[in-house]
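A short worksheet on the structure shown next.
The values are calculated or read from the model by the stated rules, or taken from the named source; none is laboratory data. Just so you know, these numbers come straight off a predicted model, no measurement behind them. Glycine gets a Cβ as well: all are built from the backbone with ideal geometry, and neighbour counts include every protein chain shown. Ligands, DNA and RNA are excluded from the accessible area calculation, which covers all protein heavy atoms including side chains. Shrake-Rupley method; radii C 1.70, N 1.55, O 1.52, S 1.80 Å.
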Amino acid sequence: MKADLKGLTTHEIEGWAAAQGLDSYRGRQIRHWLLGRLAGSFEEMTSLPKPLRALLTEKANITHLETMKSLESEDGTRKYLFRLADGNLIESVLIPERNHLTLCISSQAGCAMGCRFCFTAKQGFKRHLTPSEIIDQVIQVKRSLDDPSRLTNIVMMGMGEPLHNYNATLIAVRGLIDQDGMNFSHRKITLSTCGLVPEMENMGRDMTVNLAVSLNAADDETRNFLMPINKKFPLKTLLSACRRLPLPNRRMITFEYILIKGINDSHGDASKLVRLLAGVRAKVNLIPLNPYPGSALTPPSTKKILGFQEILLGNDFTAIIRKSKGNDIMAACGQLSGCAS
Ligand code: SAH
(Lines give C-alpha, C1' and ligand atoms only; values in the text may rest on other atoms or scores of the structure.)
Protein backbone atom coordinates (compact mmCIF):
# COMPACT_ATOMS: atom_id res chain seq x y z
CA MET A 1 0.00 0.00 0.00
CA LYS A 2 1.20 3.52 -0.75
CA ALA A 3 2.12 5.66 2.25
CA ASP A 4 -0.23 8.44 3.42
CA LEU A 5 2.40 11.03 4.31
CA LYS A 6 0.08 13.77 5.63
CA GLY A 7 -0.58 11.83 8.81
CA LEU A 8 3.04 11.29 9.83
CA THR A 9 4.96 13.07 12.57
CA THR A 10 8.32 14.66 11.74
CA HIS A 11 10.05 11.64 13.23
CA GLU A 12 7.94 9.19 11.23
CA ILE A 13 8.37 10.98 7.92
CA GLU A 14 12.13 11.19 8.47
CA GLY A 15 12.10 7.45 9.06
CA TRP A 16 10.03 6.91 5.93
CA ALA A 17 12.45 9.03 3.87
CA ALA A 18 15.41 7.08 5.26
CA ALA A 19 13.70 3.82 4.32
CA GLN A 20 13.52 5.06 0.74
CA GLY A 21 17.25 5.75 0.83
CA LEU A 22 16.78 9.52 1.14
CA ASP A 23 18.41 11.99 3.51
CA SER A 24 16.13 12.51 6.48
CA TYR A 25 15.81 16.27 5.84
CA ARG A 26 13.88 15.33 2.69
CA GLY A 27 11.19 13.99 4.99
CA ARG A 28 10.82 17.36 6.70
CA GLN A 29 10.84 19.09 3.35
CA ILE A 30 7.99 16.91 2.07
CA ARG A 31 6.02 17.45 5.28
CA HIS A 32 6.40 21.18 4.90
CA TRP A 33 5.13 21.02 1.32
CA LEU A 34 2.10 18.98 2.39
CA LEU A 35 1.11 20.78 5.57
CA GLY A 36 2.72 24.21 5.36
CA ARG A 37 2.44 24.90 1.67
CA LEU A 38 -0.76 22.94 1.08
CA ALA A 39 0.60 21.03 -1.91
CA GLY A 40 -2.05 18.94 -3.66
CA SER A 41 0.43 16.90 -5.71
CA PHE A 42 4.09 15.90 -5.66
CA GLU A 43 4.56 17.81 -8.93
CA GLU A 44 3.96 21.07 -7.05
CA MET A 45 6.94 20.36 -4.78
CA THR A 46 9.29 22.33 -7.00
CA SER A 47 12.16 22.47 -4.52
CA LEU A 48 12.52 18.68 -4.82
CA PRO A 49 14.53 17.23 -7.71
CA LYS A 50 12.41 15.73 -10.47
CA PRO A 51 13.54 12.11 -9.93
CA LEU A 52 12.56 12.43 -6.28
CA ARG A 53 9.11 13.69 -7.23
CA ALA A 54 8.74 10.69 -9.51
CA LEU A 55 9.79 8.36 -6.71
CA LEU A 56 7.25 9.95 -4.38
CA THR A 57 4.47 9.58 -6.92
CA GLU A 58 5.30 5.90 -7.13
CA LYS A 59 5.65 5.23 -3.39
CA ALA A 60 3.19 7.57 -1.71
CA ASN A 61 -0.27 9.05 -1.99
CA ILE A 62 -1.59 12.49 -1.23
CA THR A 63 -5.02 11.54 0.05
CA HIS A 64 -7.58 14.23 0.54
CA LEU A 65 -11.08 14.66 1.87
CA GLU A 66 -13.71 15.22 -0.75
CA THR A 67 -15.62 18.47 -0.26
CA MET A 68 -19.24 17.51 -0.89
CA LYS A 69 -20.79 20.83 -0.04
CA SER A 70 -20.02 24.13 1.61
CA LEU A 71 -22.89 26.19 2.96
CA GLU A 72 -22.69 29.81 4.06
CA SER A 73 -24.81 31.16 6.90
CA GLU A 74 -26.37 34.64 6.98
CA ASP A 75 -23.77 35.59 9.60
CA GLY A 76 -20.83 34.51 7.40
CA THR A 77 -20.20 31.17 9.13
CA ARG A 78 -19.38 28.50 6.57
CA LYS A 79 -20.00 24.79 7.04
CA TYR A 80 -18.00 22.26 5.02
CA LEU A 81 -19.28 18.75 4.47
CA PHE A 82 -16.48 16.29 3.75
CA ARG A 83 -16.72 12.72 2.53
CA LEU A 84 -14.14 10.23 3.78
CA ALA A 85 -12.74 7.51 1.53
CA ASP A 86 -15.09 4.93 3.10
CA GLY A 87 -18.17 7.10 2.55
CA ASN A 88 -18.55 8.42 6.10
CA LEU A 89 -19.36 12.13 6.32
CA ILE A 90 -17.91 14.75 8.66
CA GLU A 91 -18.29 18.50 9.02
CA SER A 92 -16.02 21.44 9.79
CA VAL A 93 -17.17 24.98 10.52
CA LEU A 94 -15.33 28.18 9.56
CA ILE A 95 -16.21 31.07 11.85
CA PRO A 96 -15.36 34.66 10.92
CA GLU A 97 -14.11 36.79 13.84
CA ARG A 98 -13.21 40.46 13.73
CA ASN A 99 -9.62 40.09 12.56
CA HIS A 100 -9.21 36.42 11.80
CA LEU A 101 -10.93 33.14 11.02
CA THR A 102 -11.43 30.22 13.40
CA LEU A 103 -11.95 26.69 12.14
CA CYS A 104 -13.84 24.11 14.18
CA ILE A 105 -12.75 20.60 13.21
CA SER A 106 -14.02 17.07 13.84
CA SER A 107 -12.10 14.20 15.40
CA GLN A 108 -14.49 11.32 14.79
CA ALA A 109 -17.31 10.37 12.42
CA GLY A 110 -20.22 10.44 14.86
CA CYS A 111 -19.57 10.27 18.60
CA ALA A 112 -19.77 7.63 21.33
CA MET A 113 -20.31 9.94 24.31
CA GLY A 114 -24.12 10.12 24.09
CA CYS A 115 -24.67 13.63 25.50
CA ARG A 116 -28.38 14.32 25.66
CA PHE A 117 -28.25 17.83 24.21
CA CYS A 118 -25.99 17.09 21.21
CA PHE A 119 -27.14 16.23 17.70
CA THR A 120 -23.89 14.46 16.79
CA ALA A 121 -24.52 12.01 19.65
CA LYS A 122 -27.81 11.01 18.03
CA GLN A 123 -25.89 9.69 15.00
CA GLY A 124 -23.98 7.27 17.20
CA PHE A 125 -20.33 6.41 16.74
CA LYS A 126 -19.11 5.53 13.25
CA ARG A 127 -15.33 5.55 13.61
CA HIS A 128 -12.22 7.43 14.67
CA LEU A 129 -10.65 9.78 12.13
CA THR A 130 -7.05 9.15 11.11
CA PRO A 131 -4.46 11.90 11.80
CA SER A 132 -4.48 12.69 8.11
CA GLU A 133 -8.29 13.08 8.06
CA ILE A 134 -8.17 15.42 11.05
CA ILE A 135 -5.48 17.66 9.63
CA ASP A 136 -6.82 17.56 6.08
CA GLN A 137 -9.92 19.47 7.21
CA VAL A 138 -7.61 22.41 7.88
CA ILE A 139 -5.71 21.91 4.62
CA GLN A 140 -8.84 21.73 2.44
CA VAL A 141 -10.43 24.76 4.09
CA LYS A 142 -7.21 26.76 3.72
CA ARG A 143 -7.01 25.79 0.07
CA SER A 144 -10.53 27.16 -0.44
CA LEU A 145 -9.67 30.60 0.99
CA ASP A 146 -8.51 33.66 -0.97
CA ASP A 147 -6.21 34.53 1.92
CA PRO A 148 -5.31 31.34 3.84
CA SER A 149 -3.20 33.32 6.31
CA ARG A 150 -6.40 34.71 7.88
CA LEU A 151 -7.08 31.29 9.37
CA THR A 152 -5.14 31.50 12.62
CA ASN A 153 -7.29 29.68 15.20
CA ILE A 154 -8.35 26.05 15.44
CA VAL A 155 -10.88 24.58 17.83
CA MET A 156 -11.27 20.84 18.17
CA MET A 157 -14.95 21.12 19.00
CA GLY A 158 -16.63 19.60 15.98
CA MET A 159 -18.00 16.09 15.67
CA GLY A 160 -16.59 13.55 18.09
CA GLU A 161 -14.61 13.47 21.31
CA PRO A 162 -10.95 14.26 20.51
CA LEU A 163 -9.58 12.60 23.64
CA HIS A 164 -11.45 9.38 22.80
CA ASN A 165 -9.26 9.37 19.66
CA TYR A 166 -6.15 10.34 21.56
CA ASN A 167 -3.26 9.19 19.38
CA ALA A 168 -4.66 10.53 16.12
CA THR A 169 -5.52 13.81 17.82
CA LEU A 170 -2.01 14.12 19.23
CA ILE A 171 -0.40 13.51 15.83
CA ALA A 172 -2.77 15.99 14.16
CA VAL A 173 -2.03 18.62 16.82
CA ARG A 174 1.68 18.17 16.18
CA GLY A 175 1.03 18.62 12.45
CA LEU A 176 -0.82 21.86 13.19
CA ILE A 177 1.88 23.27 15.45
CA ASP A 178 5.21 22.01 14.11
CA GLN A 179 7.33 24.41 12.13
CA ASP A 180 7.72 21.90 9.33
CA GLY A 181 3.95 21.37 9.59
CA MET A 182 1.26 24.07 9.52
CA ASN A 183 3.03 26.31 12.03
CA PHE A 184 -0.03 27.39 14.04
CA SER A 185 0.61 28.93 17.45
CA HIS A 186 -0.18 26.44 20.23
CA ARG A 187 -1.94 29.33 21.99
CA LYS A 188 -4.43 29.50 19.14
CA ILE A 189 -5.50 25.88 19.28
CA THR A 190 -8.15 24.72 21.71
CA LEU A 191 -9.13 21.15 22.41
CA SER A 192 -12.54 20.57 23.94
CA THR A 193 -13.40 17.47 25.94
CA CYS A 194 -16.44 16.10 27.74
CA GLY A 195 -14.05 15.10 30.52
CA LEU A 196 -12.06 11.93 29.85
CA VAL A 197 -9.86 12.25 32.90
CA PRO A 198 -6.97 9.84 32.13
CA GLU A 199 -6.52 11.36 28.68
CA MET A 200 -6.70 14.88 30.11
CA GLU A 201 -3.77 13.91 32.28
CA ASN A 202 -1.87 12.62 29.26
CA MET A 203 -2.71 15.79 27.44
CA GLY A 204 -1.12 17.84 30.20
CA ARG A 205 2.07 15.92 29.51
CA ASP A 206 1.93 15.68 25.70
CA MET A 207 0.38 18.92 24.44
CA THR A 208 0.54 22.62 25.17
CA VAL A 209 -2.70 23.63 23.47
CA ASN A 210 -5.59 25.26 25.34
CA LEU A 211 -8.08 23.05 27.12
CA ALA A 212 -11.83 23.50 27.19
CA VAL A 213 -13.98 21.27 29.36
CA SER A 214 -17.67 20.79 28.59
CA LEU A 215 -19.11 21.02 32.06
CA ASN A 216 -22.78 21.86 31.56
CA ALA A 217 -23.82 21.12 35.12
CA ALA A 218 -22.53 21.86 38.61
CA ASP A 219 -23.85 18.77 40.40
CA ASP A 220 -23.52 15.07 39.60
CA GLU A 221 -27.23 14.39 39.39
CA THR A 222 -27.77 16.95 36.63
CA ARG A 223 -24.54 16.07 34.87
CA ASN A 224 -25.34 12.35 34.94
CA PHE A 225 -28.64 13.18 33.27
CA LEU A 226 -27.00 15.30 30.55
CA MET A 227 -23.68 13.52 30.01
CA PRO A 228 -23.32 9.75 30.58
CA ILE A 229 -19.52 10.14 30.88
CA ASN A 230 -20.10 11.74 34.28
CA LYS A 231 -20.96 8.33 35.73
CA LYS A 232 -17.42 7.22 34.93
CA PHE A 233 -15.65 10.47 35.83
CA PRO A 234 -17.84 12.42 38.25
CA LEU A 235 -17.35 16.12 38.98
CA LYS A 236 -15.01 15.62 41.92
CA THR A 237 -12.64 13.49 39.81
CA LEU A 238 -12.92 15.85 36.85
CA LEU A 239 -12.27 19.00 38.85
CA SER A 240 -9.37 17.54 40.74
CA ALA A 241 -7.79 16.61 37.39
CA CYS A 242 -8.35 20.21 36.26
CA ARG A 243 -6.70 21.53 39.42
CA ARG A 244 -3.66 19.34 38.84
CA LEU A 245 -3.26 20.17 35.16
CA PRO A 246 0.00 21.98 34.48
CA LEU A 247 -0.95 25.30 32.89
CA PRO A 248 1.65 27.40 31.13
CA ASN A 249 1.96 30.98 32.40
CA ARG A 250 -1.29 32.78 32.98
CA ARG A 251 -3.31 30.31 30.99
CA MET A 252 -6.78 29.28 32.04
CA ILE A 253 -9.07 26.36 31.44
CA THR A 254 -12.26 27.24 29.61
CA PHE A 255 -15.39 25.65 31.04
CA GLU A 256 -18.26 25.41 28.62
CA TYR A 257 -21.69 25.52 30.15
CA ILE A 258 -24.71 25.07 27.94
CA LEU A 259 -27.72 26.79 29.47
CA ILE A 260 -30.84 24.66 29.25
CA LYS A 261 -34.22 25.87 30.40
CA GLY A 262 -35.36 24.32 33.64
CA ILE A 263 -32.39 21.94 33.84
CA ASN A 264 -29.26 23.87 34.82
CA ASP A 265 -30.15 27.58 34.57
CA SER A 266 -31.27 28.62 38.07
CA HIS A 267 -29.56 31.01 40.50
CA GLY A 268 -28.85 27.97 42.66
CA ASP A 269 -27.06 26.30 39.73
CA ALA A 270 -24.94 29.41 39.18
CA SER A 271 -23.96 29.50 42.85
CA LYS A 272 -23.05 25.80 42.76
CA LEU A 273 -20.90 26.49 39.72
CA VAL A 274 -19.09 29.26 41.60
CA ARG A 275 -18.32 26.87 44.44
CA LEU A 276 -17.30 24.06 42.10
CA LEU A 277 -14.78 26.23 40.27
CA ALA A 278 -13.29 27.88 43.35
CA GLY A 279 -9.51 27.85 43.07
CA VAL A 280 -9.45 26.72 39.43
CA ARG A 281 -7.94 29.06 36.84
CA ALA A 282 -11.22 29.12 35.02
CA LYS A 283 -13.14 31.14 32.53
CA VAL A 284 -16.68 30.22 31.72
CA ASN A 285 -18.32 30.21 28.31
CA LEU A 286 -22.07 30.24 28.62
CA ILE A 287 -23.73 28.74 25.55
CA PRO A 288 -27.50 29.06 25.30
CA LEU A 289 -28.66 25.66 24.04
CA ASN A 290 -28.89 25.37 20.28
CA PRO A 291 -31.99 23.34 19.57
CA TYR A 292 -31.97 20.63 16.94
CA PRO A 293 -34.86 18.75 15.31
CA GLY A 294 -36.59 16.38 17.69
CA SER A 295 -34.90 17.60 20.88
CA ALA A 296 -37.09 18.25 23.89
CA LEU A 297 -34.61 20.69 25.44
CA THR A 298 -34.84 24.45 24.96
CA PRO A 299 -32.70 27.48 25.86
CA PRO A 300 -33.65 29.78 28.76
CA SER A 301 -34.94 33.34 28.27
CA THR A 302 -32.39 36.12 27.75
CA LYS A 303 -33.25 37.47 31.19
CA LYS A 304 -32.45 34.15 32.81
CA ILE A 305 -29.18 33.87 30.87
CA LEU A 306 -28.08 37.35 31.93
CA GLY A 307 -29.03 36.58 35.53
CA PHE A 308 -26.85 33.46 35.48
CA GLN A 309 -23.92 35.38 34.04
CA GLU A 310 -24.37 38.12 36.65
CA ILE A 311 -23.74 35.66 39.49
CA LEU A 312 -20.50 34.43 37.92
CA LEU A 313 -19.29 37.97 37.24
CA GLY A 314 -20.19 38.99 40.77
CA ASN A 315 -17.83 36.27 42.01
CA ASP A 316 -14.95 37.49 39.85
CA PHE A 317 -15.20 34.86 37.16
CA THR A 318 -14.75 35.70 33.52
CA ALA A 319 -18.05 34.60 32.01
CA ILE A 320 -18.85 35.17 28.38
CA ILE A 321 -22.15 34.47 26.68
CA ARG A 322 -21.30 32.82 23.39
CA LYS A 323 -23.45 34.14 20.62
CA SER A 324 -24.55 31.29 18.49
CA LYS A 325 -23.31 31.31 14.94
CA GLY A 326 -24.44 29.40 11.90
CA ASN A 327 -27.78 28.34 13.39
CA ASP A 328 -29.61 28.71 10.09
CA ILE A 329 -27.36 26.11 8.42
CA MET A 330 -27.20 23.76 11.44
CA ALA A 331 -23.54 24.67 11.99
CA ALA A 332 -23.77 25.83 15.61
CA CYS A 333 -22.40 23.88 18.61
CA GLY A 334 -24.14 20.56 18.97
CA GLN A 335 -25.83 20.72 15.58
CA LEU A 336 -23.30 18.86 13.42
CA SER A 337 -24.59 15.64 11.98
CA GLY A 338 -22.89 14.99 8.65
CA CYS A 339 -26.24 15.38 6.93
CA ALA A 340 -25.51 18.66 5.16
CA SER A 341 -28.89 20.16 5.83
N1 SAH B 1 -16.65 16.14 22.56
C2 SAH B 1 -16.09 17.44 22.78
C3 SAH B 1 -16.18 18.38 21.57
C4 SAH B 1 -17.49 18.45 20.85
S5 SAH B 1 -18.79 19.33 21.65
C6 SAH B 1 -16.73 18.07 24.00
O7 SAH B 1 -17.64 17.48 24.56
O8 SAH B 1 -16.29 19.13 24.43
C9 SAH B 1 -18.33 20.99 21.57
C10 SAH B 1 -19.18 21.91 22.41
O11 SAH B 1 -20.51 22.00 21.92
C12 SAH B 1 -19.27 21.43 23.83
O13 SAH B 1 -18.93 22.46 24.72
C14 SAH B 1 -20.74 21.09 24.01
O15 SAH B 1 -21.11 21.28 25.33
C16 SAH B 1 -21.40 22.02 23.02
N17 SAH B 1 -22.72 21.60 22.59
C18 SAH B 1 -23.11 20.36 22.26
N19 SAH B 1 -24.41 20.35 21.94
C20 SAH B 1 -24.86 21.61 22.06
C21 SAH B 1 -26.12 22.24 21.85
N22 SAH B 1 -27.20 21.54 21.45
N23 SAH B 1 -26.21 23.57 22.07
C24 SAH B 1 -25.13 24.27 22.46
N25 SAH B 1 -23.93 23.74 22.66
C26 SAH B 1 -23.78 22.42 22.47
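Being under 23 Å from S41 (Cβ atoms), crowded, with 23+ Cβ neighbours inside 10 Å and acidic (D, E) is a property that does not hold for E161. Go through the stretch 266-287 residue by residue and tally those that are open to solvent by 30 Å² or more (accessible area, probe 1.4 Å), farther than 16 Å from M252 by Cα and not small (G, A, S). Total meeting the criteria: 3. Counting the residues of the stretch 314-323 that are surrounded by 13 or more Cβ atoms within 10 Å (Cβ to Cβ) and touching a strand residue (DSSP E or B) at 6+ places or on another chain (Cβ under 7 Å) gives 5. Which residue is nearest to the ligand (Cβ to nearest atom), if the candidates are limited to the stretch 288-306 and must be open to solvent by 20 Å² or more (accessible area, probe 1.4 Å), of a type outside the set (S, T, N, Q) and part of a helix (DSSP H, G or I)? Looking at residues that are open to solvent by 20 Å² or more (accessible area, probe 1.4 Å), of a type outside the set (S, T, N, Q) and part of a helix (DSSP H, G or I), I get K304. Among what's in the stretch 311-341 and is farther than 30 Å from T67 by Cβ, in contact with a helix residue (DSSP H, G or I) (Cβ under 8 Å, 6 or more places away or on another chain) and outside any strand (DSSP E or B), pick the residue that is farthest from the ligand (Cβ to nearest atom). Only one residue tops the list, namely N315. Within the set S324, S337, the sole residue that is outside the structural domain of E97 (by TED's automatic domain parsing) and not β-branched (V, I, T) turns out to be S337. Among G40, G27, G36, which is the only one that is in contact with a Phe, Trp or Tyr (Cβ under 7 Å, 6 or more places away or on another chain), open to solvent by less than 50 Å² (accessible area, probe 1.4 Å) and either under 30 Å from A331 (Cβ atoms) or without any contact (Cβ under 8 Å) to a residue 24 or more places away in the chain (or both)? Matching residue, one of G40, G27, G36: G27.
Note on the stretch 98-188: enclosed helices (runs of 4 or more DSSP H) holding 2 or more residues that are without any contact (Cβ under 8 Å) to a residue 40 or more places away in the chain are 166-177.
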